[in-house]
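Trainee: I'd like to ask you about the structure that follows.
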There are 2 protein chains.
Amino acid sequence: MDEIRVIEVKRSVFDNNDRDADRLRSELRERGTFLLNLMSSPGSGKTTTLERTIEALADELRIAVMEADIDSDVDTRRVLAKGVRAIQLHTGGMCHLDADMCRQGIRELGTDEVDLAFLENVGNLVCPAEFDTGASANAMILSVPEGDDKPLKYPLMFKVCDVVLVNKTDVMPYFDFDLQKLRENVALRNPNAQVIPICAKTGEGMEAWYEWLRAQVAAWKQSA
Amino acid sequence: MDEIRVIEVKRSVFDNNDRDADRLRSELRERGTFLLNLMSSPGSGKTTTLERTIEALADELRIAVMEADIDSDVDTRRVLAKGVRAIQLHTGGMCHLDADMCRQGIRELGTDEVDLAFLENVGNLVCPAEFDTGASANAMILSVPEGDDKPLKYPLMFKVCDVVLVNKTDVMPYFDFDLQKLRENVALRNPNAQVIPICAKTGEGMEAWYEWLRAQVAAWKQSA
């Protein structure tokens with residue numbers, strides 16, 4: 001477990017991130033690799049969700065993971081323990097990843113025989129939403145303790161995400177969290193976003209998330 | 001309640017933020033106003049902590065609040081309901097406040113007869129830590145659901161804070177959160193940071209936080 005691969009990703013030299021992101025997306029499509037950019041606040045449960053997702057889907061999809069953090073490699077160790085290919089990206093203090101930083105990660109990770117790659121972005125509801133990473137789709141996790149008003153305060157994050165996972169539903173009774181209100185607040189920002197309540201810890205609701213992933217990966221491969 | 005003052009703060013024109021921050025800090029010291037920069041992830045309980053703090057201290061200290069958000073004014077409405085002066089700062093999509101943006105807010109808020117001013121920063125554990133706002137001190141809230149490993153992943157935030165409030169201790173039994181481990185992780189980043197466990201919802205542990213605030217304000221006024 002000591003041979004964690006840590007990549008110090010450098011700030012992009014490209015001045016047109018959107019164009020670079022589109023290029024990366026096309027390359028991934030040709031290779032048949034669906035890349036999901038997974039975003040959230042710190043501590044919303046991104047890594048736990050990934051661990052459980054790998055357990056559930058590793059027999060049917062070939063999965064690889066890039067863990068981005070400003071520092072530490074604790075998440076990569078957790079994901080490696082699940083038996084999939086994983087690398088750690090260090091952003092050198094940067095609060096987000098752009099397409100070129102993502103490309104540096106993809107190059108190190110490799111996409112040979114990878115159906116589904118995850119980019120676990122830096123924990124932050126603001127900056128990561130501003131940069132297209134070149135991923136095939138964007139997902140975010142909002143955990144119940146964070147509150148149902150977050151789409152009002154962090155509009156762009158909700159606008160750019162294709163799916164919003166509402167995690168930690170097991171602690172719903174202990175927080176003032178109104179799922180219907182959250183759905184309305186998400187719809188204000190992004191009427192097309194799917195909202196899927198899950199509990200990565202207990203497994204409740206995860207099947208709907210797996211179904212979403214399966215459908216996305218299948219459609220991506222068909223469009224190649 | 002409809003006359004919420006919303007200030008659209010502009011990106012700073014100063015290229016030396018640290019010097020500008022020092023200047024603002026000096027000005028605030030001369031006026032006898034202690035400004036606390038309160039940071040955290042989205043949904044950690046900044047506003048609830050402020051509400052309860054105002055209730056507890058409004059009889060002994062003259063308090064005013066600046067609420068910074070990318071969008072919305074829900075927090076300012078909550079604070080105004082507590083009967084103190086408060087304004088909303090909108091950052092125009094920016095993920096943090098710098099010293100000049102803080103100064104724009106202070107100008108609108110006014111510091112006449114204000115002993116203790118709060119800047120509730122944008123919910124983000126990354127970028128706000130990089131910019132000295134000119135505040136007298138920095139505080140952060142880490143809520144129990146976020147996990148005890150956060151100082152490992154967001155080192156700068158813990159390094160720049162004088163006090164770390166560990167909020168939502170009432171839900172400790174439902175999460176894998178080790179307070180001793182958190183203390184050790186904070187000490188790795190900042191051995192001088194005080195760690196105060198609180199529950200803003202129930203009031204538990206808040207007295208230690210009030211004591212810290214009282215001591216800070218008194219020392220600030222003495223140093224003027």
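Trainee: Answer yes or no: is there a residue in the range A:168-176 that is open to solvent by less than 20 Å² (accessible area, probe 1.4 Å), more than 9 Å from chain B (Cβ to nearest Cβ), touching an Asp or Glu at 6+ places or on another chain (Cβ under 7 Å) and not hydrophobic (A, V, I, L, M, F, W, C).
Mentor: no
Trainee: Separate question: Applying the selection to the range A:189-224, what residues are part of a loop (DSSP other than H, G, I, E, B) and open to solvent by less than 60 Å² (accessible area, probe 1.4 Å)?
Mentor: A:Asn190, A:Ala193, A:Ile198, A:Cys199, A:Ala200, A:Gly203, A:Gly205, A:Ser223
Trainee: Among the listed residues B:Arg107, B:Arg103, which satisfies the condition of being more than 20 Å from B:Arg189 (Cβ to Cβ) and without any contact (Cβ under 8 Å) to a residue 60 or more places away in the chain?
Mentor: Sole residue among the options that is more than 20 Å from B:Arg189 (Cβ to Cβ) and without any contact (Cβ under 8 Å) to a residue 60 or more places away in the chain: B:Arg107.
Trainee: Also: If a residue must be among the aromatic types (Phe, Trp, Tyr) and within 14 Å of chain A (Cβ to nearest Cβ), how many such residues does the range B:79-130 contain?
Mentor: Of the residues in that region, 0 qualify.
Trainee: State whether the residues of the range B:98-118 include one that is of a type in the set (A, V, I, L, M, F, W, C) and open to solvent by 20 Å² or more (accessible area, probe 1.4 Å).
Mentor: no
Trainee: Filter the range B:146-162 down to the residues that are touching a helix residue (DSSP H, G or I) at 6+ places or on another chain (Cβ under 6 Å) and open to solvent by less than 10 Å² (accessible area, probe 1.4 Å) and list them by number.
Mentor: B:Pro151, B:Met157, B:Phe158 - these are the residues of the range B:146-162 that are touching a helix residue (DSSP H, G or I) at 6+ places or on another chain (Cβ under 6 Å) and open to solvent by less than 10 Å² (accessible area, probe 1.4 Å).
Trainee: Looking at the range B:14-28, can you tell me whether even one residue there is at pLDDT 95 or above, open to solvent by less than 30 Å² (accessible area, probe 1.4 Å) and more than 17 Å from the chain's Cα centre (by Cα)?
Mentor: No, the range B:14-28 contains no residue that is at pLDDT 95 or above, open to solvent by less than 30 Å² (accessible area, probe 1.4 Å) and more than 17 Å from the chain's Cα centre (by Cα).
Trainee: Among the listed residues A:Leu182, A:Leu142, identify the single one that is touching a helix residue (DSSP H, G or I) at 6+ places or on another chain (Cβ under 6 Å), within 14 Å of another protein chain (Cβ to nearest Cβ), open to solvent by less than 10 Å² (accessible area, probe 1.4 Å) and in contact (Cβ under 8 Å) with a residue 40 or more places away in the chain.
Mentor: Answer to the selection: A:Leu142.
The values are calculated or read from the model by the stated rules, or taken from the named source; none is laboratory data. Keep in mind that this is a model prediction, so the values were computed, not measured. Cβ atoms come from the backbone with ideal geometry, glycine included; neighbour counts cover every protein chain shown. For accessibility, only protein heavy atoms count, side chains too; no ligands or nucleic acids. Shrake-Rupley method; radii C 1.70, N 1.55, O 1.52, S 1.80 Å.
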